[in-house]
Structure formats: C-alpha cells, structure tokens
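The values are calculated or read from the model by the stated rules, or taken from the named source; none is laboratory data. Remember, predicted model here, so these are calculated numbers, not experimental data. Using ideal geometry, Cβ is built from the backbone for each residue, glycine included, and neighbour counts are taken over all protein chains shown. Only protein heavy atoms, including side chains, enter the accessible area calculation; ligands, DNA and RNA are left aside. Shrake-Rupley method; radii C 1.70, N 1.55, O 1.52, S 1.80 Å.
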Amino acid sequence: MLTASLAALLLTLCYAGACASHPFKRCRRCHGHGRTRTPTGRASRPCRRCQATGWRLRLGRRAYTWWTRTHAAGTRPDPQDPRDPINR
C-alpha cells in the first residue's frame, strides 16, 4: 500500500516536472509536422488541431494555467497596495 502511494506520488511529481520543463508536446494528429492528409491520402492541408504549428500544450500545463488564472481572478486585492488604482 505504501509503495503504491509512493509510486503514484513519484509519477505525479515526474509529470509535473515534465509539464514545467517542456510545456508543449508534438501534435498527435499530424505527428508534429503541421500538416495532415486528406481522407484520400493525396493532398495535405494545415492541421486544424495545432493550427499548423505541430505543437500542442500538455494537459497538465493547461490545468496549471487554468488554476493560476482562477486563483488570480478570485483573490482579493491588497488594501495596502499603493499600485492599486482603487486605493489612490
């Protein structure tokens, strides 16, 4: 039980480190090329999923960004902050 918990914690920390150091991964649809083939296989067009960049934001990084924006929007401003335009 303890080893399973430690293994889960270790995997979580490793994934968090990967999201922090490498926030982008290759697009799964176009395999990082930025272009996809049509169903017939003859022509290629820009990948709609990654907007032809070949890169996608990792799910963990997307969750971290959502969390920080939610926290920033929900925190109250400091009443002693002189930079706050309300306190001027």
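If R0 is 22 Å, what FRET efficiency do you get for ARG29 and THR65 from their C-beta distance, rounded to 0.05?
On the way: r = 22 Å, r/R0 = 0.99.
Computed FRET efficiency for ARG29 and THR65 comes out at 0.50.
Given a cut-off of under 8 Å on Cα pairs at least six residues apart, what relative contact order in percent is computed for the range 8-88?
Details: 73 pairs, mean separation 19.7, N = 81.
With pairs under 8 Å counted, the relative contact order is 24 percent.
Name the long-range amide H neighbours of THR36: under 5 Å, sequence gap of 5 or more, or other chain; modelled H, no Pro or chain starts.
ARG45, CYS47
Counting only heavy atoms of the protein chains, get the accessible area per residue of the range 1-52 (1.4 Å probe) and round it to a whole Å² value. Don't jump to the answer; show the numbers that get you there.
On the way: 4400 Å² over 52 residues.
Computed with neighbouring chains in place, this is 85 Å² per residue.
Could you work out [θ]222 nm for the chain from helices alone, using -39500 (n - 2.57) per DSSP H run of at least four and dividing by all its residues? Round to the nearest 500 deg cm²/dmol. Kindly include the intermediate steps, with their values, before the conclusion.
Numbers: 2 runs with 36 residues, N = 88.
Mean residue ellipticity, 222 nm, calculated: -14000 deg cm²/dmol.
Kirkwood Rh over Cα pairs of the range 1-48 into Stokes-Einstein at 10 °C, 1.306 mPa s: D in µm²/s?
Numbers: Rh = 13.6 Å.
My calculation gives 117 µm²/s for D.
Just the number, please: carbon plus sulfur as a percent of the accessible area of the chain, 1.4 Å probe, no ligands or DNA/RNA counted. Please report the intermediate quantities before stating the final value.
Numbers: 4630 of 7810 Å².
Carbon-and-sulfur percentage of accessible area, whole number: 59.
Counting Lys and Arg as +1 and Asp and Glu as -1, each charge on the Cβ, what is the dipole of the chain about the Cα centre in debye, to the nearest 20?
Working: 18 positive and 3 negative charges, 191 e Å.
In total the dipole reaches around 920 debye.
Per 0.36 nm of contour for each residue apart, how much would the distance between THR40 and GLN80 grow if the chain were fully extended, relative to their Cα-Cα spacing? Intermediate results must be reported in sequence, preceding the final value.
On the way: separation 40, 0.36 × 40 = 14.40 nm, distance 6.43 nm.
Gain in length upon complete extension: 8.0 nm.
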